[in-house]
Amino acid sequence: MTKNLLEQYPHICGELKDLEQKNRFPKRREKLQQQKAQIEAFVDAIEDSRVRRIVSLRALEGLSWQQVAGKMGYAISEQNARKIYSKKVKNF
C-alpha cells in the first residue's frame, strides 16, 4: 500500500458505491473492495489511538490538516498532525 492509495480512500468509496448501485464492472468493484479493506485494516491496526484518529481523519474522511487539528480539539497543531501522519504512513 502506498500513501497515495491511502489518501484515495474517499474516492475509492465513492467509485465503489457508484459501481455497486449500477451493478457494473465486477472486476473493478472487486479490486476497489480489496483496496478499501486493505486501507481499513491498516488504519485499524494502528495501536496508538491518537495516531489512528489522525490517520483516520486525514485519509478516511479526507479532512484538511486544519480540520484534523480542529477535530483533535487543537490538542496538536496542524504541523504536528502532519508529522505524526507522515511518520506512520512512511512505515508502510
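Here are the numbers for this structure:
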read-out: Backbone HN-Hα couplings from phi across the stretch 20-30 [Karplus 6.51/-1.76/1.60, Hz, Gly and Pro as x]; value: 5, 5, 8, 6, 10, 6, x, 5, 5, 4, 4
read-out: Estimated vicinal HN-Hα couplings, Hz - the stretch 40-57 in sequence order (Karplus 6.51, -1.76, 1.60; Gly, Pro = x); value: 4, 5, 4, 5, 4, 7, 6, 6, 6, 4, 5, 5, 4, 5, 4, 5, 5, 4
read-out: Environment charge of Asn80, counting only residues whose C-beta is closer than 11 Å and scoring Lys/Arg +1, Asp/Glu -1; value: +3
read-out: Heavy atoms of Glu30: accessible area, 1.4 Å probe, square angstrom to 10; value: 100
read-out: Fluctuation leader among Leu60, Leu19, Leu32 - the chain, Gaussian network, Cα springs under 10 angstrom; value: Leu19
read-out: Highest-MSF residue in the chain out of Gln67, Gln21, Gln35 [GNM, Cα springs under 10 Å]; value: Gln21
read-out: Over 28 Å between alpha carbons, listed pairs Lys27/Lys87; Lys31/Lys88; Lys31/Lys83; Lys27/Lys88; value: Lys27/Lys87; Lys31/Lys83; Lys27/Lys88
read-out: Accessible-area composition of the chain, carbon plus sulfur, in percent [1.4 Å probe]; value: 44
read-out: Residues of type aspartates and glutamates that Lys17 reaches as a straight line, Cα spacing below 17 Å, ignoring anything fewer than 8 places off in the same chain; value: Glu30, Glu40, Glu61
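The values are calculated or read from the model by the stated rules, or taken from the named source; none is laboratory data. Predicted, not measured: the structure shown is a model, and the values here were computed from it. Ideal geometry is used to build each Cβ from the backbone, glycine not excepted, and the neighbour counts take in all protein chains shown. Protein only, heavy atoms only, side chains kept; ligands, DNA and RNA dropped before computing areas. Shrake-Rupley method; radii C 1.70, N 1.55, O 1.52, S 1.80 Å.
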